[in-house]
Amino acid sequence: MASFTGSRRSERLPSWLRRPIPVIGQCSRIETVIRRHKLHTICREGLCPNRAECYSKGKVTFMILGDVCTRGCRFCSVRKGRPAPVEAGEPAALAEAARTLGLRHVIVTSVTRDDLPDGGAGHYAAVVRALRALDPAPVVEVLVPDFEGSRTSLETVLEAGPRILSHNMETVRRLYPAMRRGADYDRSLSLLAEVKRIDKEVFTKSSFMLGLGETEEELFGAMTDLRGADVDFTALGQYLRPGMEQEPVREYVHPERFARIERESYRMGFLEVTAGPLVRSSYQENDTGAAVSARTDVTPDVRRRIDS
């Protein structure tokens, strides 16, 4: 099997992964709003390399259900352990923060809460409803955990009316046991497929991190699985080790390879693909659907879903 070609792991990041210093003013504004409403963001908790850039552009991804995860994925910097009780006032606080920041597209993710009977689905639904009650209502995208395979929990979230439902595969089937403890490749894939069976109007999305030791054949095999589950959007980025406790980077994938993967992904039938070393599942995605709207090859049904 062919492996990705790129710079192997070293003490210094490749030039294409180094970031310019961002504008500070807008970063401070978002941090102030987040602190005022006692909210969390995956931007901060996940040590995202794009946090300053996204904040400077007025973009943020909220993280609900606390800041402690019940799982132990090898690539994630979010704290693991026993989570605190769910904050009942969080949906209203998050909606107010979105209103204050003037967000047109709100992305909401969470820690995994296997300790809750519904995995936090009811809380997700409350957040979606609070956001949709705003005037004007933003586009709402939720990036959910696997809910341990519960169709009832997935239905609870979808009934609240998110425009986009995301669930990240993160990596290829072979690496799941080592990288995603407590998760299951087929369960994640089934959740994405189930979305369209419940509500065919909802757009679905999933993302991958590259550089964990996957082969190219394995990656395209996983992306073929996504298309088989009728997933609309995908994002692919470079895995960057957030700390010494997490999995080391096996390979730095060159931007030219990302560009080729993006081209191949469109040929596979994805409606929108974002691929690049610094791409994350919600990186610069506040206008998800805009690129699809500009295309001339989408069906009238897809265009109606985007424009509705």
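Of everything in segment 49-68, what is outside any helix (DSSP H, G or I), in contact with a Phe, Trp or Tyr (Cβ under 8 Å, 6 or more places away or on another chain) and modelled with pLDDT under 90? Give them in sequence order. Within segment 49-68, just 50 meets the criteria. When 159, 148, 170, 141 are checked against the criterion of being more than 30 Å from residue 240 (Cβ to Cβ), out of contact with any helix residue (DSSP H, G or I) (no Cβ under 6 Å at 6 or more places or on another chain) and touching a residue at least 12 places away in the same chain (Cβ under 8 Å), a single residue qualifies: 159.
In segment 112-123, the residues that are over 18 Å from residue 184 (Cα atoms) reach residues that are acidic (Asp, Glu) with C-beta atoms within less than 9 angstrom, at least six apart or across chains, in these pairs: 121/155; 123/87; 123/90.
Candidates 247, 285: the one that is within 17 Å of the chain's Cα centre (by Cα) and modelled with pLDDT under 95 is 285.
Would you mind listing the helices (runs of 4 or more DSSP H) fully within segment 98-194 where at least 3 residues are more than 30 Å from residue 32 (Cβ to Cβ) and among the hydroxyl-bearing types (Ser, Thr, Tyr)?
Numbers: elements: 121-132, 151-159, 176-179.
Correct list: 151-159.
Looking only at residues of segment 250-280 that are over 14 Å from residue 16 (Cβ atoms) and in a loop (DSSP other than H, G, I, E, B), we find that the one that is least open to solvent (accessible area, probe 1.4 Å) is 270.
Might you check whether a residue that is modelled with pLDDT of 90 or more, farther than 21 Å from residue 162 by Cα and crowded, with 18+ Cβ neighbours inside 10 Å occurs anywhere in segment 76-84?
Restricting attention to segment 76-84, the residues satisfying the condition of being modelled with pLDDT of 90 or more are 81-84.
Now narrow it down to the ones that are farther than 21 Å from residue 162 by Cα: 81-84.
Those left that are additionally crowded, with 18+ Cβ neighbours inside 10 Å: 83.
Yes: segment 76-84 contains one or more residues that are modelled with pLDDT of 90 or more, farther than 21 Å from residue 162 by Cα and crowded, with 18+ Cβ neighbours inside 10 Å.
Taken as a whole, segment 113-126 holds at least one residue that is open to solvent by less than 20 Å² (accessible area, probe 1.4 Å) and over 21 Å from residue 207 (Cβ atoms).
The values are calculated or read from the model by the stated rules, or taken from the named source; none is laboratory data. The model shown is predicted, which means the values in this text are computed figures rather than measured ones. Note that we place each Cβ from the backbone using ideal geometry, even for glycine, and neighbour counts take in every protein chain shown. Calculation scope for accessible area: heavy atoms of the full protein, side chains included, ligands and nucleic acids excluded. Shrake-Rupley method; radii C 1.70, N 1.55, O 1.52, S 1.80 Å.
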